[in-house]
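The values are calculated or read from the model by the stated rules, or taken from the named source; none is laboratory data. From a predicted model like this one, the values you see are computed outputs, not experimental measurements. We place every Cβ from the backbone using ideal geometry, glycine too, and count neighbours over all the protein chains shown. Ligands, DNA and RNA are excluded from the accessible area calculation, which covers all protein heavy atoms including side chains. Shrake-Rupley method; radii C 1.70, N 1.55, O 1.52, S 1.80 Å.
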Amino acid sequence: MIRFENITTESFENVSLEIGPGVACKIIVGSDPLREAFFDILLGRKKPESGRVYLFGRDIWSIREKELLSLYKRVGLVREKGGLISNLKVWNNIALPSWYHKGKKPRDIENRVIDIFSRLGFDIYVLPGFMVKTTGGLAAHEARLFTFVRAVLMEAELMIYDSLTADFDTETANRLILFTREFHLQRQGRTSVHVGSTEESLEGVRADLVIKNQGKGFIL
């Protein structure tokens, strides 16, 4: 799913790591700046000085943009600050991708959204008020929550969670972690990657593989 081959940037030196299909993984990067540098590499925002980045077996810097976009459509990405489209209402942010790309019916999307929020312990009767809001006034953890729901609806092969539980109360954080574990197991071969700046930020996450930052590299 993800492979770094001898990656060198300003922040990392000769980093090699591999996360295969079906693996639940957590990556502890050591600091917020390093976490951003890691995502710059993973998301193709910054080309490494040397080395190769592979996603689903494809070198992201050697393929055409159209093919690269098709690869990232197979990824459910939940960033720390969310990632919602600012000029759309919350409901449109959540529903449009699964309607447009997956052909899901609005009623089925609505039922699934209600189910997800119920399992996470939220009062579903306050949801309509949130759904008609634009995203500009949302706190970072609220935007992240709605981005999380959007990613789940897309049923992605590769799920990447960036500081997923930050700023949530303990009970909600535990529910989120449990949900990600159950969701991971619902699809054979699904890979789930939790990324955090510290070990404490990923407390409670069960993983088959743990990757930790050490200096300008990583250790398993």
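Below is a table of values for the structure above.
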read-out	value
Top-ranked residue in the range 65-116 [being among the aromatic types (Phe, Trp, Tyr) and farther than 17 Å from Thr135 by Cβ; ranked as most open to solvent (accessible area, probe 1.4 Å)]	Tyr100
Positions within the range 1-55 being small (Gly, Ala, Ser) and open to solvent by less than 10 Å² (accessible area, probe 1.4 Å), in sequence order	Ala24
Residue pairs meeting the criteria (Cβ under 7 Å; at least 6 apart or on separate chains; first in contact (Cβ under 8 Å) with a residue 60 or more places away in the chain, in the range 124-144; second part of a helix (DSSP H, G or I) and open to solvent by less than 40 Å² (accessible area, probe 1.4 Å))	Ala143/Thr135
Contacts under 9 angstrom Cβ, first residue in the range 63-75 being more than 20 Å from Gly22 (Cα to Cα), partner among the charged types (D, E, K, R) and outside any helix (DSSP H, G or I), 6 or more apart	Glu67/Arg58; Leu68/Arg58
Scan of the range 182-208 for residues that are surrounded by fewer than 16 Cβ atoms within 10 Å (Cβ to Cβ) and in contact (Cβ under 8 Å) with a residue 60 or more places away in the chain, ordered by number	Gln188, Gly189, Thr198, Glu199, Arg206, Asp208
Selection count where residues are touching a Lys or Arg at 6+ places or on another chain (Cβ under 6 Å), closer than 23 Å to Ser31 by Cα and not in a loop (DSSP other than H, G, I, E, B), scope the range 174-220	4
Matching residues in the range 159-173 - criterion: being part of a helix (DSSP H, G or I) and surrounded by 15 or more Cβ atoms within 10 Å (Cβ to Cβ)	Thr172, Ala173
Lys89 free of Cβ contacts under 8 Å to residues at least 60 places away in the same chain and either closer than 20 Å to Arg190 by Cβ or basic (Lys, Arg) (or both)	yes
